[in-house]
Every structure is written in structure tokens, then in C-alpha cells.
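This report refers to the structure that appears directly beneath it.
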Amino acid sequence: MDLTQRPYGLLAELTYHCPLHCPYCSNPVWWETQVELDTLEWKKTIQEAAELGVLQIGFSGGEPLQRKDLEDLVQVAREAGLYTNLITSGLGLTVNRAARLLEAGLDNVQVSFQAAEHDLADRIGGMPNAHKRKLRATEIVNRVGLALSLNVVLHRLNIDNLSEIIAFAEDLGATRLELANTQYYGWAYRNRSMLIPTRVQVEAAARIAFDARHRLAGRMQVLYVLPDYFANRPKPCMNGWGQRYLTVNPSGFVLPCPTAWEIPGMRFDTVRERSLVWIWKMSESFNRFRGTEWMPDPCRSCPQKEIDFGGCRCQAALLTGDPSNTDPVCEFSPHHRLVREAADRRVDESPIDSFSFRQNP
Amino acid sequence: MPDLSDGPTRSFNRPCLAKRARLQIDPLSGNPVLLSQEAVILLNRTGYEILERCDGTRDLAEIIEGLGTRYSIAKTTLTQEVSQYLEKLSQRGLLQWI
């Protein structure tokens, strides 16, 4: 096996069921409920991932706590030597469950928050009292002795409270805080005009996050995911298609990135029919945008092509209709104005109720 | 698991890997790695030998003592390099002092 082309991370989307309705959910907008992988199928997938070189697994969803076999899967992953992270809303976490997860070898729990403030958080998540229950979940994580990290998705309605969000995460005892500007795919794309912050907001937030990162170094790791609509160069999405990461969705389809499901015309293979090794190495989907050979200009002749890998295929597909185009975030893309115009558009002040909230499968 | 509670035994001079970090041998390459959420740090042999000793029971001098017999460089240089290395990991929240 060529060590330069092994995956490091597997995102295991155990289920798309979730009690929340966040209007920026990264789950597919169009999803016909299919039979979820069962425990044995997941165990086999995790073991194959380890053989392929994966070192880290994120248990995600939907809400992964809705799967009763989560503890078993964590244990299998730990026995295979993987670093295990639970990516959760915190809803459904009890002391017993947390203790069992710790015993199974869980390395980290990442709890999502919608805001630092109760009322706004519950309105964004579309569920009364969710914020209070999340607070309770973080207490449980700390009490049983699991490592806690926080994730907050940023948008026009909460980005001005960034200082409060950072202080909130410190108070909760988080060792890591991921401040993720909304990425506009799927549900978030539907709600883009209401979610997108202004340039002034984005610049103020970047300063606050930068200061916090230095001030809190060693106590709480602060990560700030840049809002790429306000950038001139694309992000090195997934570190290149089929280079470092794979995602397995609830019915076993293997994707180079979690949002690739929504690229029109792509066909993906499932672990029910093929081994993970075959899919990683041989499948048409993983090879489609691997390397730099597939690139059209301006990427093909660009000195940055090994740095940003042409940006995000999902974004190119969504905004230009063709996944093999240069990511329109790039200033050299002939479609760059699509991004620029969305970023500089007049603020849409419709009330929160008019969001297109994520519906559950 | 070392006692992390504040108490008379706590002097903040013994490094210990943070709860969210894990030291491991990569089964594919046989090389040591330090794992944490969404990060894989590839270690060299020396890095591994240092971190292996960061279990909250030894202070810096004891860690150096343990390494000393294997490295032929001067003790002051070794101390300086090890403490810089540990400081870097502390800043990333992967190591704590208890």
C-alpha cells in the first residue's frame, strides 16, 4: 500500500435521525429513508478502515446517540487502534451512557451549540429547551471524565456574539472550540440569504477569534473555520478529493466528503457490495477528482493547484452546475462573481420562522 | 489515571498527556503518532521516547534522566530541547502540567 495515499480519517454517519432542525444542517436535503447499516456491517467497515490506514473515526449523524450500538462501535474502533470522537448534539446523553462510552474507550466528545444564549439557540435548533439539555450533557461529559470540545456554527444571527460564545465555551470546560462559519451546501444553501453574515461582521469575528486563539493557547484550542464566500482563494477541501478522508453514510455509501452525495450525476459505491479498500483505491467516484489530471483551466496551469486542489467539488457543482469547474470562490474562476454577489448582497432580515428548517427523515 | 485534583501534591512540574490526546504506534508504518481530534502528529523516535514518559509521575529532570543514557549530547542542550518540545505541545493543549 502506498503510504502517501492512505486515508487518515473516517466520518461514520450512523443515522440521519436527529431531534434538532438546524437550518444549516449538512445532511442531504433529499434523502429517502433507507435501511441503515446494522451493527455487524459497521464493525466490518471500521475494521476495514483500520486496515486501510485510517487513524481517526468521527461518529456522527444526524444524532449518533440515537443508535443503541454506539458503545459497541466505539469499542471496536478503539480495539482497531483508532482515535474515537463523538460528534453529537448532546441530546440523549445520560450519565450511564457517558460512563459506558468512556469504558468503551471514547477519546473525545464534541457537543454542538447553536448559540451561547438560550432563546436564540432553541429558535435556531427548532426545538424548545434543547439548549438546557445540551448544557446538562456537557456537565455529564465533564463529570464522567471524558474530554469535551464544542462546535458552534456561525452565521449572521450569532456571529456578533462571538466573544460571549468563546467565554461560554471556557466556562463549560471545553478543551477545544471549533467556530465554523456556515458552509453553504444543502440546507444552508436553501437558507443562504438569511444566514450569510456581512463583510463587516466577518472581519470583526476574525479579529476576535484570532485574539482568543492566542490568549487561550494551552487552555482551550480555538479553531476558526474561514467563511470562504469572503475569500479570494478556495479552501483545500478535504485536503484533496480521495486523499485523506472518507465518509460512510447511514446506508453504507462511501463518499470522498460528507456533502458529495448531492453532486448531480455522481454514483457512489456501498460497503454492502464492495470492500472499503476497493472503493478507496478503485472506485470511479474516488478516482474522479483525485490528483490534478482532471483539472480544467484556470486550475490546470495554476501554481496553487497542489495547495488548494481546485477547492471544493460540491461548491463547483452547486454554483456552476459542473463539479469539474474551478471552485467559484477562487478569484480566477470565471464564475467568481456568483460568490462575490452573494457575499455583498443586501441583508435579508426575514424572521427566524421563515427559515427552511431541516426536516427529519 | 493520575490524580488531577488540586491538592498539596500538585506542583505543576510533571507533564502529562492531555485527556484528549493519545500516543500510539501507527500499525501501517510502525511509526509513533500523537492523535487528537482531527490531528495526527507524526513523531520521530525521540519524540515518542519523551512523550512515553509524560505520564504525570515524572518531572522534567526525571524525564531527562531517563533519556540521558541514550543520547550523547550535553545535558543542558537536551534539557533545553525537551522543554521547548513540551512547551510547544502544551500550547496546542495536548499536554498538561500537574
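Here residue A:232 fulfils each of the conditions (1) more than 17 Å from the chain's Cα centre (by Cα); (2) buried (at least 19 other Cβ atoms within 10 Å of the Cβ); (3) in contact (Cβ under 8 Å) with a residue 60 or more places away in the chain apart from (2). Of the residues examined, residue A:322 is one that is out of contact with any Leu (no Cβ under 6 Å at 6 or more places or on another chain), of a type outside the set (Gly, Ala, Ser), farther than 19 Å from residue A:9 by Cα and without any contact (Cβ under 8 Å) to a residue 24 or more places away in the chain. Where residues in the range A:136-155 are surrounded by 18 or more Cβ atoms within 10 Å (Cβ to Cβ) and over 19 Å from the mean Cα position of the chain (by Cα), which of them is nearest to the other protein chains (Cβ to nearest Cβ)? Among residues in the range A:136-155 that are surrounded by 18 or more Cβ atoms within 10 Å (Cβ to Cβ) and over 19 Å from the mean Cα position of the chain (by Cα), the one nearest to the other protein chains (Cβ to nearest Cβ) is A:147.
In the range A:62-95, of all residues being in contact with a Cys (Cβ under 9 Å, 6 or more places away or on another chain) and free of Cβ contacts under 8 Å to residues at least 60 places away in the same chain, the one that is nearest to residue B:29 (Cα to Cα) corresponds to A:63.
For the range A:28-60, filtering for residues that are under 20 Å from the mean Cα position of the chain (by Cα) and at pLDDT below 95 leaves 4.
Results for (1) in contact with a His (Cβ under 6 Å, 6 or more places away or on another chain); (2) buried (at least 20 other Cβ atoms within 10 Å of the Cβ); (3) within 20 Å of residue A:18 (Cβ to Cβ), shown as yes or no for each residue.
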position	(1), (2), (3)
A:56	no, yes, no
A:64	no, yes, yes
A:76	no, yes, no
A:79	no, no, no
A:113	no, yes, yes
A:117	no, no, no
A:120	no, no, yes
A:130	no, yes, yes
A:133	no, no, yes
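Sub-7 Å Cβ pairs linking a first residue in the range A:130-147 that is touching a residue at least 24 places away in the same chain (Cβ under 8 Å) to a second residue that is aromatic (Phe, Trp, Tyr), at least 6 apart or interchain, are A:134/A:113, ordered by first then second residue. Put simply, of A:174, A:98, A:180, A:188 the only residue that is buried (at least 20 other Cβ atoms within 10 Å of the Cβ) and either free of Cβ contacts under 8 Å to residues at least 24 places away in the same chain or under 26 Å from residue A:358 (Cα atoms) (or both) is A:188.
With respect to the stated conditions, residue A:320 fails to be within 22 Å of residue A:53 (Cα to Cα) and of a type in the set (S, T, N, Q).
At pLDDT below 95, of a type in the set (Gly, Ala, Ser), surrounded by fewer than 20 Cβ atoms within 10 Å (Cβ to Cβ) and more than 19 Å from residue A:7 (Cβ to Cβ), is that true of residue A:291? So residue A:291 fails the test. Taking the criterion of being touching a Gly at 6+ places or on another chain (Cβ under 9 Å) and touching a residue at least 24 places away in the same chain (Cβ under 8 Å), the residues of the range A:262-277 that qualify are A:262, A:264, A:271, A:272.
Looking across the range A:35-90, just one residue is of a type in the set (Phe, Trp, Tyr) and under 23 Å from residue A:134 (Cβ atoms), and that is A:59. With the condition kept exactly as written, say whether any residue in the range A:6-27 is without any contact (Cβ under 8 Å) to a residue 40 or more places away in the chain, surrounded by fewer than 23 Cβ atoms within 10 Å (Cβ to Cβ) and either within 14 Å of chain B (Cβ to nearest Cβ) or not in a helix (DSSP H, G or I) (or both). Among the residues of the range A:6-27, not one is without any contact (Cβ under 8 Å) to a residue 40 or more places away in the chain, surrounded by fewer than 23 Cβ atoms within 10 Å (Cβ to Cβ) and either within 14 Å of chain B (Cβ to nearest Cβ) or not in a helix (DSSP H, G or I) (or both), which makes the answer no.
Just one of (1) part of a helix (DSSP H, G or I); (2) more than 21 Å from residue A:270 (Cβ to Cβ) fails for residue A:44. It is (2). Only a single item in (1) closer than 22 Å to residue A:126 by Cα; (2) more than 14 Å from the chain's Cα centre (by Cα); (3) not charged (D, E, K, R) is not met by residue A:8, and it is number (1).
The values are calculated or read from the model by the stated rules, or taken from the named source; none is laboratory data. Owing to the predicted nature of the structure, the values given are computational and were not obtained by experimental measurement. Here Cβ is always computed from backbone atoms with ideal geometry, including for glycine, and neighbour counts include all displayed protein chains.
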